[in-house]
1. Evaluate the following for Cys4: is it buried (at least 19 other Cβ atoms within 10 Å of the Cβ) and under 20 Å from Thr163 (Cβ atoms)?
2. Might you check whether a residue that is exposed (fewer than 13 other Cβ atoms within 10 Å of the Cβ) and over 19 Å from the mean Cα position of the chain (by Cα) occurs anywhere in the range 17-28?
3. Suppose the filter is small (Gly, Ala, Ser) and either more than 12 Å from the chain's Cα centre (by Cα) or over 23 Å from Gly156 (Cα atoms) (or both); does Ala47 pass it?
4. For the list (1) surrounded by fewer than 17 Cβ atoms within 10 Å (Cβ to Cβ); (2) modelled with pLDDT of 95 or more; (3) over 19 Å from Glu35 (Cβ atoms); (4) more than 15 Å from the chain's Cα centre (by Cα), I need the number of the one condition that Lys129 fails.
5. Anything in the range 160-176 that is in contact (Cβ under 8 Å) with a residue 24 or more places away in the chain and farther than 17 Å from Ala6 by Cβ? List them, or say none.
Amino acid sequence: MSYCRAIDSMNEERKALHKTYHDTRYGFPIHDDNELFCRLVLEINQAGLSWETILKKEAGFRSAYHHFEVKKVAAYTDKDRERLMNDAGIIRNRLKINAAIENAKTILQLQQTHGSFENWLSAHHPLTKEAWVKLFKKTFRFTGGEIVNEFLLSTGFLPGAHTEDCPVFKKVLRQKPKWIKAG
């Protein structure tokens, strides 16, 4: 079942949480590197958990990771790693925390070579899902197939975030996601 249809079957509390994300953020292009980094960190943290858990903890993640400012996270020390491991507002998984910090450092390097993380993504677009996964595994930490797929769907680099009969689909199209330029 698509995310678009699954929301309709949820109780009101769950529906409100998911619908806000689905209707205003999921599949829409992101042009801010900090927000792209945010989405990558959230997708990595979702591994093995429900997206609902991540949505409920998003404010905690934003606070704990300095609103996903790439430069700040890239400069985190062992003291920051321990602070994050003790923060109940996020997913306290050492591998995921280390991946966030190391991936921030990688994004800083990509910004130096490509001007921005978004430019790096655009420079490789379009790729097949398999090629994207291979590229991400080579470039970033903790990025398997499902994480890469959801990151690219949720940021407008791959099609499929919304069904064509979903009212949000047309809103996404008006934002000109990268995948329509490849079609």
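1. So Cys4 fits the description; yes.
2. no
3. no
4. Every listed condition holds for Lys129 apart from (2).
5. Lys171, Val172, Gln175, Lys176
Residue-by-condition table, conditions (1) within 14 Å of Gly89 (Cβ to Cβ); (2) at pLDDT below 95; (3) out of contact with any strand residue (DSSP E or B) (no Cβ under 7 Å at 6 or more places or on another chain); (4) open to solvent by 20 Å² or more (accessible area, probe 1.4 Å):
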| site | (1), (2), (3), (4) |
| --- | --- |
| Asn45 | yes, no, yes, no |
| Lys57 | yes, no, yes, yes |
| Tyr65 | yes, no, yes, no |
| Glu69 | no, no, yes, yes |
| Lys72 | no, no, yes, yes |
| Ala75 | no, no, yes, yes |
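Residues checked against (1) basic (Lys, Arg); (2) under 16 Å from the mean Cα position of the chain (by Cα):
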{"site": "Val133", "(1), (2)": "no, yes"}
{"site": "Lys137", "(1), (2)": "yes, yes"}
{"site": "Glu146", "(1), (2)": "no, yes"}
{"site": "Ser154", "(1), (2)": "no, yes"}
{"site": "Lys176", "(1), (2)": "yes, no"}
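Conditions (1) small (Gly, Ala, Ser); (2) part of a helix (DSSP H, G or I); (3) over 23 Å from Ala6 (Cβ atoms); (4) in contact with a Ser or Thr (Cβ under 8 Å, 6 or more places away or on another chain), marked per residue:
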{"position": "Glu43", "(1), (2), (3), (4)": "no, yes, no, yes"}
{"position": "Leu49", "(1), (2), (3), (4)": "no, no, no, no"}
{"position": "Thr53", "(1), (2), (3), (4)": "no, yes, no, no"}
{"position": "Lys56", "(1), (2), (3), (4)": "no, yes, no, no"}
{"position": "Ser63", "(1), (2), (3), (4)": "yes, yes, yes, no"}
{"position": "His67", "(1), (2), (3), (4)": "no, yes, yes, no"}
{"position": "Val73", "(1), (2), (3), (4)": "no, yes, yes, no"}
{"position": "Asp80", "(1), (2), (3), (4)": "no, yes, yes, no"}
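The values are calculated or read from the model by the stated rules, or taken from the named source; none is laboratory data. Computed from a predicted structure; not experimentally measured. Ideal geometry is used to build each Cβ from the backbone, glycine not excepted, and the neighbour counts take in all protein chains shown. In case anyone asks, the SASA skips ligands and DNA or RNA and just uses the protein heavy atoms, side chains included. Shrake-Rupley method; radii C 1.70, N 1.55, O 1.52, S 1.80 Å.
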